[in-house]
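The values are calculated or read from the model by the stated rules, or taken from the named source; none is laboratory data. Keep in mind that this is a model prediction, so the values were computed, not measured. A quick note on method: Cβ atoms are made from the backbone with ideal geometry, for glycine too, and the neighbour counts reach across all protein chains shown.
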Amino acid sequence: MSVGHAAAPATACLLVWIAQDARRLAALHLARELALPDAWLAAGFVRNCVWDRLHGYATPTPLNDIDLIYHDPDDIREARDRALSERLRAASGQPWSVKNQARMHRRHGHVPYASASDAMRYWVERETAVGVRLEASGALRLSAPLGLDSLLAGQLSHNPRHGDAAVFHRRVAEKRWCLQWPHLQCDLSGIR
C-alpha cells in the first residue's frame with residue numbers, strides 16, 4: 001500500500017465505503033478473475049465513491065467506465081486490452097476500460113512506468129490517482145501513490161507531474177465534475 005501509517009484510518013474508511021457498494025464489489029471480483037499482473041480498479045471507480053460519500057449521495061453516481069489498469073511489459077498489445085474490455089462488458093453489462101500501463105507512458109511522453117502505481121503518479125488529477133483491488137484472501141488493498149488527503153478533503157487539483165495544466169482544465173470542463181459534486185473545491189480559473 002502506498003499510503004502512510006498516519007493515513008490508516010482514512011484508508012480503512014475508504015475501503016469500507018467500497019465494500020458497502022455491491023456493484024463495485026462485483027467489479028472487483030470480475031477483475032480478480034482475470035489474474036492480470038499488478039491490476040487495480042482505479043480512477044473514477046474509487047474517486048467517485050469518495051465524492052459521492054462526501055456529498056451524502058444515497059445512490060452511487062453511475063460510472064462512465066470502469067478503469068482496470070495493470071502492468072505487464074511482456075505483452076503490451078492494445079488488442080489484448082480491447083479483448084479484455086469486451087470480455088468484461090459481456091460478463092457484466094458495464095462499461096469497462098482496460099489499459100496496460102506498461103505502454104501508456106508513450107501517450108504522454110513520459111519515461112516508462114515501473115508499475116501500475118508508478119503510472120498513477122503521472123495521472124492528470126491527484127485525486128484520480130488511486131486504485132483498489134481484491135486480493136485472493138478476500139481483503140481489499142488500496143494504492144494511493146499521491147496520498148488520500150486531497151481526495152478525502154473534497155479537492156480537485158492538477159498533478160504537476162503530469163505536465164500540461166491545460167489538460168486538467170479541459171478535463172474538469174468536459175467531465176463537469178464540479179457540477180456533479182458541487183461541494184468540491186475546484187479551481188476553475190482559466191476555464192470557459
Residue within the stretch 139-148 that is free of Cβ contacts under 8 Å to residues at least 40 places away in the same chain, more than 18 Å from P9 (Cα to Cα), more than 12 Å from the chain's Cα centre (by Cα) and surrounded by fewer than 20 Cβ atoms within 10 Å (Cβ to Cβ) present: no
Subset of the stretch 134-192 (residues that are farther than 15 Å from Y122 by Cβ, of a type in the set (D, E, K, R) and either at pLDDT 95 or above or outside any loop (DSSP other than H, G, I, E, B) (or both)): E135, R141, D149, R170, E174, K175
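Yes/no matrix, rows are residues, columns are (1) closer than 25 Å to G163 by Cβ; (2) touching a residue at least 12 places away in the same chain (Cβ under 8 Å); (3) in a helix (DSSP H, G or I):
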site	(1), (2), (3)
R53	no, yes, yes
Y57	no, no, no
T61	no, yes, no
I76	yes, yes, no
A79	no, no, yes
A83	no, no, yes
L88	no, yes, yes
M104	yes, yes, yes
Which listed residue, of S97, S117, is assigned to a helix (DSSP H, G or I), of a type in the set (S, T, N, Q) and either within 27 Å of S150 (Cβ to Cβ) or touching a Pro at 6+ places or on another chain (Cβ under 7 Å) (or both): S117
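Let's see how each residue does on (1) surrounded by 14 or more Cβ atoms within 10 Å (Cβ to Cβ); (2) more than 30 Å from A10 (Cα to Cα); (3) among the acidic types (D, E):
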| residue | (1), (2), (3) |
| --- | --- |
| D81 | yes, yes, yes |
| G93 | no, yes, no |
| H108 | yes, yes, no |
| A114 | yes, no, no |
| E125 | yes, no, yes |
| G163 | yes, no, no |
